[in-house]
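The values are calculated or read from the model by the stated rules, or taken from the named source; none is laboratory data. Since this is a predicted model, take the numbers as computed values, not measurements. Here the Cβ positions follow ideal geometry from the backbone for every residue, glycine too, while neighbour counts run over all protein chains shown.
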Amino acid sequence: MKIDGAGAIVSGGASGLGEATVRRLHEQGAKVVIADVNPEKGEPLAAELGIAFVQTDVRDEDQVQAAVDEAAKAEGGLRIAIACAGTGIPIGTGIPIKVASSKGPHPLEAFKVIIDINLVGTFNLMRLAAFKMLSENEPDAGGERGVLVNTASVAAFEGQIGQIAYSASKGGVVGMTITAARDLADKGIRVCTIAPGLFDTPLLAALPEDAKASLGAQVPFPSRLGQPAEYAQLAAAIVENPMLNGETIRLDGAIRMAPK
C-alpha cells in the first residue's frame with residue numbers, strides 16, 4: 001500500500017506511539033486524521049502538522065465513525081487505520097490489581113473498563129474503517145483497498161502479576177488478528193498487529209529516569225526502552241509490505257517478561 005496520498009486515521013494519535021505514527025505517516029505524504037480523546041494534546045499537534053483532529057472515545061460508535069468519515073475525505077479514500085488508543089491499568093486505581101487477594105476479588109467494573117478501551121475500542125475502529133475501505137475504495141494496482149494495524153503488547157503473551165485485565169485485552173487483540181485478516185482477505189484489506197515491549201510512552205511517564213533506565217536494562221538488546229519512532233517505523237513498513245498479513249509482530253528487543 002502506498003502511503004503517499006493515502007487517507008489515514010490513527011486512534012490515540014495525540015501522544016506516545018500514536019503521535020509518532022501520525023508524524024511518520026504525515027512525513028511520508030499521508031493525509032492523517034488524529035482520533036484521540038484528549039483535545040489538549042490532539043489539537044496542538046493537528047495545528048502543528050496542518051491536519052485534522054477529531055475528539056474520539058474509541059468506545060463510542062458515533063465518534064469513531066465521525067473520525068473515519070473525516071479520514072475518508074482524502075482524495076484516495078481511507079486506506080490506513082492504525083489503532084494505538086489504549087490504557088494500562090484500571091482507571092482510578094493507580095495500581096495493578098490481582099485476580100483476587102486478601103482485599104477481595106478483582107473489581108469487575110475495573111476489568112470491564114480496560115477491556116472496553118483496549119479490546120472493544122480496537123475492534124470498533126477496525127470494523128468501521130474496514131467497512132469504509134471495502135465500500136468506498138477501488139483496489140490499487142496490487143489489489144489492496146486498505147491496511148489495518150492494531151496494537152497489542154508483550155503482556156498478551158507474558159502478563160505480569162496484577163495485569164490480568166490488561167493482558168486479557170491485549171491477548172484479545174492478538175486473537176482478532178488472523179481472523180480479521182481472513183474475514184477481509186477477499187476485499188483486499190490486510191490486518192496486522194504490533195506487540196510492543198517496554199517503550200518510553202506516557203504509560204511510563206510518571207517513573208523517574210533511574211527507574212526507566214532500570215526497566216530498559218532488562219531488555220536483552222538494545223538494552224533500553226523502545227522509542228515511539230521505532231513503533232511508527234514498523235507500522236509504516238507493514239502498510240508498505242503487501243505480504244505482511246494476519247501476523248502479530250513482537251517489537252521488544254527479545255525481552256520475555258518475568259512474573260513481576
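When both residues are 6+ apart or on different chains and their Cβ atoms are under 8 Å apart, which pairs have a first residue that lies in segment 198-209 and is at pLDDT 75 or above, and a second that is aromatic (F, W, Y)?
F199/Y231
Between residues in segment 103-122 that are over 22 Å from A85 (Cα atoms) and residues that are among the small types (G, A, S), which pairs lie under 8 Å by C-beta distance while being six or more apart or on different chains?
Listed by first residue and then by second, the contacts come to H106/A100; H106/A165.
Is there a residue being of a type in the set (D, E, K, R) and assigned to a helix (DSSP H, G or I) anywhere in segment 130-137? Steps first, please.
Initially, segment 130-137 is screened for residues of a type in the set (D, E, K, R), giving 132, 136.
Imposing the further condition that a residue be assigned to a helix (DSSP H, G or I) reduces the set to 132, 136.
Yes, segment 130-137 contains at least one residue that is of a type in the set (D, E, K, R) and assigned to a helix (DSSP H, G or I).
Within the bounds of segment 5-15, is there any residue that is buried (at least 24 other Cβ atoms within 10 Å of the Cβ), touching a helix residue (DSSP H, G or I) at 6+ places or on another chain (Cβ under 6 Å), on the phi > 0 side of the Ramachandran plot and in contact (Cβ under 8 Å) with a residue 12 or more places away in the chain? Can you show your working first?
So in segment 5-15, the residues buried (at least 24 other Cβ atoms within 10 Å of the Cβ) come out as 6-14.
Pick out the ones that are also touching a helix residue (DSSP H, G or I) at 6+ places or on another chain (Cβ under 6 Å) and you get 7-14.
Then drop every residue that is not on the phi > 0 side of the Ramachandran plot, which leaves 12.
Filter once more, keeping what is in contact (Cβ under 8 Å) with a residue 12 or more places away in the chain: 12.
Yes: one or more hits.
Being in contact with a strand residue (DSSP E or B) (Cβ under 7 Å, 6 or more places away or on another chain) and more than 18 Å from V99 (Cα to Cα) is the filter; apply it to segment 152-175 and report the residue that is surrounded by the fewest Cβ atoms within 10 Å (Cβ to Cβ).
Applying the filter and picking the extreme gives V174.
Whether any residue in segment 86-99 is closer than 28 Å to M176 by Cα, part of a strand (DSSP E or B), touching a residue at least 24 places away in the same chain (Cβ under 8 Å) and out of contact with any His (no Cβ under 6 Å at 6 or more places or on another chain) is what I want to check.
No, segment 86-99 contains no residue that is closer than 28 Å to M176 by Cα, part of a strand (DSSP E or B), touching a residue at least 24 places away in the same chain (Cβ under 8 Å) and out of contact with any His (no Cβ under 6 Å at 6 or more places or on another chain).
Surrounded by fewer than 21 Cβ atoms within 10 Å (Cβ to Cβ), over 15 Å from the mean Cα position of the chain (by Cα), part of a loop (DSSP other than H, G, I, E, B) and of a type in the set (G, A, S): is that true of A213 in this structure? Break it down into steps so the answer makes sense when it comes.
Details: surrounded by fewer than 21 Cβ atoms within 10 Å (Cβ to Cβ): yes; over 15 Å from the mean Cα position of the chain (by Cα): yes; part of a loop (DSSP other than H, G, I, E, B): no; of a type in the set (G, A, S): yes.
Spelling it out, it is not the case that A213 is surrounded by fewer than 21 Cβ atoms within 10 Å (Cβ to Cβ), over 15 Å from the mean Cα position of the chain (by Cα), part of a loop (DSSP other than H, G, I, E, B) and of a type in the set (G, A, S).
Take the conditions modelled with pLDDT under 95 and either within 20 Å of S135 (Cα to Cα) or not polar (S, T, N, Q) (or both) and apply them to I9. Does it pass?
Numbers: modelled with pLDDT under 95: no; either within 20 Å of S135 (Cα to Cα) or not polar (S, T, N, Q) (or both): yes.
Here the answer is no, as I9 does not meet what is asked.
For segment 1-83, give me every one of the helices (runs of 4 or more DSSP H) that falls completely inside it and has 3 or more residues that are within 21 Å of A235 (Cα to Cα) and among the charged types (D, E, K, R). Step through it out loud before you land on a result.
Numbers: elements: 16-27, 39-49, 61-71.
The qualifying helices (runs of 4 or more DSSP H) are 16-27.
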